[in-house]
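Q: This is the structure, below, for whatever I ask next.
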Amino acid sequence: MSPRILALESSCDETSASVVSGSADAPRLESLVILSQDVHRIFGGVVPEIASREHLTAVVPVTQQALTDAGRQWDDIDAIAVTHAPGLVGALLVGVSYAKSLALMLRKPLLGIHHMEGHLFATSLEHPTATPPFTALLVSGGHTMLVDVAAWGAYRLLGETRDDAAGEAFDKTAKLLGLPYPGGRHIERLAAEGDPTRFRFPRPMLHGGQREGDPDYYDVSFSGLKTAVLLAVRASDDPAGDTPHLARAFQDALIETLVAKTIRAARAYGRDRIVLGGGVACNRTLAAAMADAARPLGATVFAPTPRLATDNAAMIGAAALFRFAQGQRDGAALNAHSGLPMPGLLVESSDTR
Ligand code: KG4
Ligand code: ZN
């Protein structure tokens with residue numbers, strides 16, 4: 001029997017619900033509703049308590065809409081899945097509490113899903129061949145992870161950020177360039193008009209002398225890049241006129257670093273598929289640069305469309321199809337956690353190459 005799962009996502013500032021069915025390798029998206037909380041724009045960042053309250057008013061109608069859009073009744077749902085980590089605890093608690101109530105009321109199994117595992121599954125909802133083994137680059141406002149995915153549930157975390165996440169670097173740089181929040185897409189738009197020769201920033205943690213096994217071989221760091229932009233703004237005679245050029249130089253440095261590290265991983269593990277995920281995967285310049293660099297390897301790059309790249313419940317449902325088939329069932333004690341290691345992380349000593 002292929003199960004049908006109702007999934008909820010409320011880890012940050014999107015209230016989302018989705019109905020998915022099928023299996024982890026052939027998931028079927030029946031509906032997806034995403035309500036983005038616009039209110040945070042006024043504050044230039046997500047305000048946790050406001051996010052929780054917005055989830056509280058939105059979660060019931062958003063879920064009801066997802067069920068209606070799928071043309072389903074509650075009886076058609078086999079399990080309830082919910083993001084339970086990582087994220088803003090108050091925001092997560094809303095989704096987890098509601099999912100528990102549904103599971104209890106409907107007498108259906110409950111599954112707590114790790115948000116980052118969800119991002120790994122998002123692309124497979126659109127691209128049937130975006131399945132393991134592959135190299136994954138997850139780049140969002142809160143995380144930057146380079147993961148070798150040998151199989152669903154077998155993840156080797158190769159690299160992370162030492163400081164700012166990629167999306168955070170976009171957002172902070174946008175702020176200092178006077179652009180609205182969230183700034184990633186504004187930087188991308190401006191960078192397209194920028195002259196790439198006007199400024200050049202260092203490529204953080206990227207140099208030819210690095211060897212596999214070096215601690216900085218796969219890790220990234222973006223706070224120095226952000227500072228370099230700040231210093232360049234201060235030194236500029238015409239900061240407003242230089243904005244597109246600064247955006248271009250910033251984006252070039254960040255993308256070159258992410259691409260180089262991802263290609264290193266794909267080469268080291270012999271993967272011919274590279275899957276991008278997270279909000280920064282909306283950046284078409286990143287996807288295009290990755291595809292160019294992957295070509296000599298004979299590797300294909302898969303980037304989800306913006307709806308599935310940013311936070312959404314469909315990816316939680318897709319991961320839940322896998323976890324449900326694995327036998328995962330969570331009880332009434334399921335809790336929300338701001339940070340929790342992704343399930344399925346392989347310990348360094350075991351080699352699954
Ligand atoms: O995955 P996501 O929706 O939320 C988190 O889990 O953080 O990612 C949001 C991030 C923001 O930092 C936003 O600026 C960035 O994704 N982003 C972009 C683009 N679109 C969204 N960054 C670069 N270029 C874009 N086109
Ligand atoms: Zn996310």
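The values are calculated or read from the model by the stated rules, or taken from the named source; none is laboratory data. Keep in mind the model is a prediction, meaning the values are calculated, not measured. Neighbour counts are summed over all protein chains in view; Cβ atoms, including those assigned to glycine, are modelled from backbone coordinates with ideal geometry. Please note that ligands, DNA and RNA were not included when accessible areas were found on the heavy atoms of the full protein model with its side chains. Shrake-Rupley method; radii C 1.70, N 1.55, O 1.52, S 1.80 Å.
Q: Report for the chain the percent antiparallel among DSSP-assigned beta bridges with both residues inside it, nearest 5.
A: Numbers: 28 of 47 bridges.
So the antiparallel bridges amount to about 60 percent of the total.
Q: Please provide three numbers in whole Å: the alpha-carbon extents of the chain along the principal axes, with the largest listed first.
A: Largest to smallest, the principal-axis extents are 64, 47, 31 Å.
Q: Now for a separate question. Please list the three semi-axes, largest first and in whole Å, of the ellipsoid equivalent to the range 1-126, using sqrt of 5 times the eigenvalues of its alpha carbon gyration tensor.
A: Numbers: eigenvalues 114, 49, 36 Å².
Equivalent ellipsoid of the range 1-126: 24, 16, 13 Å, largest first.
Q: Volume per residue, Å³, of the convex hull around the alpha-carbon atoms of the range 284-353?
A: Details: hull volume 12.8 nm³, N = 70.
Per-residue hull volume (Cα only) is 183 Å³.
Q: A further question follows. Quick check: from the Cα gyration tensor, does the range 209-353 come out rounded (a/c under 1.5), prolate or oblate? Before the final figure, lay out each step's value.
A: Details: a/c = 1.92, a/b = 1.55, b/c = 1.24.
Because a/c hits 1.5 or more and a/b exceeds b/c, the range 209-353 counts as prolate.
Q: Gain in length, Ala325 to Arg211, computed as 0.36 nm per residue apart minus the alpha-carbon separation, to one decimal in nm? Could the numbers behind the result be given before it?
A: Numbers: separation 114, 0.36 × 114 = 41.04 nm, distance 3.90 nm.
Extending this stretch completely gives an extra 37.1 nm.
Q: Round to a whole number: what % of the accessible area of the chain belongs to carbon and sulfur, probe 1.4 Å? Intermediate values should be presented prior to the final figure.
A: Working: 7770 of 14550 Å².
Within the chain, the accessible surface is 53 percent carbon and sulfur.
Q: Turning to a different aspect of this structure: Treating only the Cβ atoms of Lys and Arg (+1) and Asp and Glu (-1) as charged, compute the dipole magnitude of the chain about its Cα centre; round to the nearest 20 debye. Numbers along the way, then the final one.
A: Values: 32 positive and 38 negative charges, 65 e Å.
Once rounded to the nearest 20, the dipole reads 320 debye.
Q: Count the DSSP beta bridges whose two residues both fall in the range 142-253, then state the antiparallel fraction as a percent rounded to the nearest 5.
A: Details: 6 of 8 bridges.
Of all bridge pairs located within the range 142-253, approximately 75 percent are antiparallel.
Q: Rounded to the nearest 10 degrees, what's the angle between the helix 223-235 long axis and the longest principal axis of the chain, both from Cα atoms, 0 to 90?
A: The two axes meet at around 50 degrees.
Q: A further question on this structure: Calculate the dipole size of the range 243-310 relative to its Cα centre from +1 charges on Lys and Arg beta carbons and -1 charges on Asp and Glu beta carbons; express the result in debye to the nearest 20. Mind showing how you got there, number by number?
A: Values: 9 positive and 4 negative charges, 33 e Å.
In debye, rounded to 20, the range 243-310 gives about 160.
Q: Now, a different point. Okay, helix-only estimate at 222 nm for the chain: each DSSP H run of n ≥ 4 adds -39500 (n - 2.57), divide by all residues, round to 500 deg cm²/dmol; what do you get?
A: On the way: 10 runs with 140 residues, N = 353.
Computed mean residue ellipticity for the chain: -13000 deg cm²/dmol.
Q: Hey, another quick one. What is the helix-to-structure angle for 284-294, meaning the angle in degrees between its Cα long axis and the longest Cα principal axis of the chain, kept from 0 to 90 and rounded to the nearest 10?
A: Roughly 80 degrees between the two axes.
Q: Taking the Cα centre of the range 131-303 as the origin and placing charges on Cβ (Lys, Arg +1; Asp, Glu -1), which of Ala191, Ala266, Ala288 is farthest toward the positive end of the dipole?
A: The residue sitting farthest along the positive end of the dipole is Ala266.
Q: Determine how many Å³ per residue the convex hull of the Cα atoms of the range 131-303 encloses. Display every interim value, and only then the final one.
A: Values: hull volume 18.3 nm³, N = 173.
Taking only Cα atoms, the range 131-303 has a hull volume of 106 Å³ per residue.
Q: Next up: Restrict the search to the range 102-210; then list the GluC sites (Glu not before Pro) that DSSP places in a loop and that have at most 12 other Cβ atoms within 10 Å of their Cβ.
A: Numbers: sites: Glu117, Glu126, Glu160, Glu168, Glu188, Glu193; in loops: Glu126, Glu193.
In loop regions of the range 102-210 (DSSP not H, G, I, E or B), the sparsely surrounded GluC sites (Glu not before Pro) are Glu193.
Q: For the chain, please report how many Lys pairs fall under 24 Å Cα to Cα, leaving out neighbours fewer than 8 apart on the same chain.
A: On the way: Lys100/Lys108; Lys172/Lys226; Lys172/Lys261; Lys175/Lys226; Lys226/Lys261.
For the chain, qualifying lysine pairs total 5.
Q: State the Cα centre-to-centre distance between the range 137-180 and the range 34-80 in whole Å.
A: Cα centroid to Cα centroid, the span is 24 Å.
Q: Now a separate question. Give me the orientation-averaged projected area of the Cα convex hull of the range 105-214, in nm², one decimal. List each step's numbers first, then the result.
A: Numbers: hull surface 45.9 nm².
Mean shadow area of the hull around the Cα atoms is 11.5 nm².
Q: Using the alpha-carbon centroid of each, what span in Å lies between the range 184-243 and the range 296-326?
A: 28 Å
Q: With unit charges on the beta carbon (Lys/Arg positive, Asp/Glu negative), name the residue among Gly241, Phe322, Leu230 whose Cα is farthest towards the positive pole of the charge dipole of the chain.
A: My answer, from the dipole projection, is Phe322.
Q: Taking only Cα atoms and a 10 Å spring cutoff, compute GNM fluctuations for the chain and point out the largest among Lys100, Lys108, Lys226.
A: Lys108
Q: Further, regarding this structure: Could you give each residue of the range 317-326 its phi-based ³J(HN,Hα) in whole Hz, using Karplus coefficients 6.51, -1.76, 1.60 with θ = phi - 60°, and x for Gly or Pro?
A: Running phi through 6.51 cos²θ - 1.76 cosθ + 1.60 with θ = phi - 60° gives x, 5, 5, 5, 4, 5, 5, 5, 5, 6 Hz.
Q: Nothing charged except the Cβ atoms of Lys and Arg (+1) and of Asp and Glu (-1): what's the magnitude of the dipole of the range 131-303 about its Cα centre? Round to the nearest 20 debye. It would help to have the intermediate numbers written out before the result.
A: Values: 20 positive and 20 negative charges, 56 e Å.
In debye, rounded to 20, the range 131-303 gives about 260.
Q: A further question follows. Mind checking the per residue accessible area of the range 232-310 for me, 1.4 Å probe, whole number of Å²?
A: Working: 3060 Å² over 79 residues.
Dividing the accessible area of the range 232-310 by its residue count gives 39 Å².
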